[in-house]
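Structure record follows, encoded as structure tokens.
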Amino acid sequence: MAKPLNIGMVGYGFMGRTHSNAYNRVTNFFDTEYRPVLKAVCGRDAGQLQDFADRWGYESTETDWRKLVERKDIDAIDICTPNNLHYEIAIAAAAHGKMILCEKPLAMNAEEGERMCQAVEKAGVMNTVWYNYRRVPAITFAKQLIDSGNLGRIFHYRANFLQDWTISADLPQGGTALWRLDAAAAGSGVTGDLLAHCIDTAIWLNGSVQNVTAMTETFIKERKHTLTGKIEKVGIDDACAFLCRFENGSLGLFESTRYARGHKALYTLEINGEHASIKWDLHDLHRLQWFDHRDEGNLRGWRSIHVTDGDHPYMNKWWVPGLQIGYEHTFVHHVADFLTGVAQGTPVSPTFRQALETQKICDAVLKSAKLGSWTQVG
Ligand code: SOE
């Protein structure tokens, strides 16, 4: 019988659901030495909280996260709150010796992030940030192909994350549903919310970024604030594009917006190497497009690899070859890896320290957009 790992989750929105689903499903599919036990969920609205706890199977509720982090029966704190609360909760959780799983981005900025890293490192507690797209099997497979030298020298890395849900000027900012539009709660707009995903995948696959040059735009300058009821200035970036240089000499091109009409969550990436290229698209997430120049000339062309076979990453844990999995499974994979890390006492990527690198790039992107010049990362 697997040993219990007692989870206390703070926040119960969209991410609270993805994480809870992962905790509930992981041991049905993965053999792990530990099994998550949903001990408590924390939020401010006691009624809604109880509904959430009942639906997902949490044993208890707390309306004050400070009480939750003090509880002796909790092993790990899962932070699914708006970004402006990550820091305070993580610092307190580390001080109480709790493991921490934190939603992305790690913090509001790199300064906060650095202090969070120091806190978990000092406490010696397991820590990870939920950059879930690393654990799409096709992306993990891309990592294997790159690390084994299959692409050769890398020249280009291109990524987009496009959405269209904030185009209406009538949409308010702030509050439970729309905190992502409120700079005070989110820190930034698409840079921290969407490009952070692209950056995390990019540095995992292609290494560190040296410098960036960026532009941002806020198309709707004022919106009603849900909490104050007043028209207030919008402080987030609605769109951001940046160029960068990676340490391996390759060039990066990134774009994200919430104003690309017709696109709901289109995350795409392409990597061009000396021997081969890779393409991936979140809307077709189980496929990896592969072009290999070493193929016989008359057979050369883009291959569409259906990453669902037993020898593809994570796939032997699911159904049978050829049957697909989806978005929610990336979180199950993260929990499975976390439980393995706990059993073996090994770090689970991305750790806070690794996610801090993404935070530093986001900070450099925002700074560059403000200054209108190339900016060094870090
Ligand atoms: C925003 O709409 C959002 O939900 C992000 O916050 C998530 O991190 C991303 O995976 C999907 O889009």
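Note on HIS197, HIS19, HIS329: ascending count of other Cβ atoms within 10 Å places them as HIS197, HIS329, HIS19, the fewest first. Shape analysis of region 117-254 places it in the prolate category; the axes a ≥ b ≥ c from the Cα gyration tensor give an a/c of at least 1.5, with a/b above b/c. Extension gain, LYS143 to LEU243: 0.36 nm times the residue separation minus the Cα-Cα distance gives 33.8 nm.
Calculate, for ALA177 and ASN150, the FRET efficiency according to 1/(1 + (r/R0)^6) with r their C-beta to C-beta distance and R0 51 Å; round to the nearest 0.05.
0.70
Annotation: lysines with alpha-carbon distance below 27 angstrom to LYS230 (same-chain offsets under eight excluded): LYS221, LYS370. Of the residues HIS283, HIS96, HIS86, the one with the fewest other Cβ atoms within 10 Å heads the list, and the complete ranking is HIS283, HIS96, HIS86. Working note: Debye formula, equal point scatterers on the alpha-carbon atoms of the chain, no solvent; log10 I(q)/I(0) at q = 0.11, 0.12 Å⁻¹ is -0.80, -0.95.
By the count of other C-beta atoms within 10 Å, a proxy for reagent exposure, ASP164, ASP170, ASP51 are ordered fewest to most as ASP170, ASP51, ASP164. Does region 104-188 come out rounded, prolate or oblate, given a ≥ b ≥ c as the square roots of the eigenvalues of its C-alpha gyration tensor, rounded meaning a/c under 1.5 and, failing that, prolate meaning a/b above b/c? Oblate shape, in that a/c is at least 1.5 and b/c is the bigger or equal ratio. Between GLU217 and HIS293, full extension at 0.36 nm per residue minus the direct alpha carbon distance yields a gain of 23.5 nm. Remark: spin-label model distance GLN324-ASN21 equals 1.5 nm, labels positioned 7 Å along the Cα→Cβ axis.
Taking θ as phi - 60° and the Karplus parameters 6.51, -1.76 and 1.60, the scalar couplings of region 198-213 work out to 4, 5, 4, 4, 4, 6, 5, 7, 10, x, 5, 9, 8, 8, 9, 9 Hz in sequence order, x denoting glycine and proline.
Where a number appears in this text, it was derived from the coordinates with a stated rule and is not lab data. Since the structure is predicted, the reported quantities are computational estimates derived from the model, not experimental observations. Counting neighbours? That spans all protein chains shown, and the Cβs are built from the backbone with ideal geometry, glycine included.
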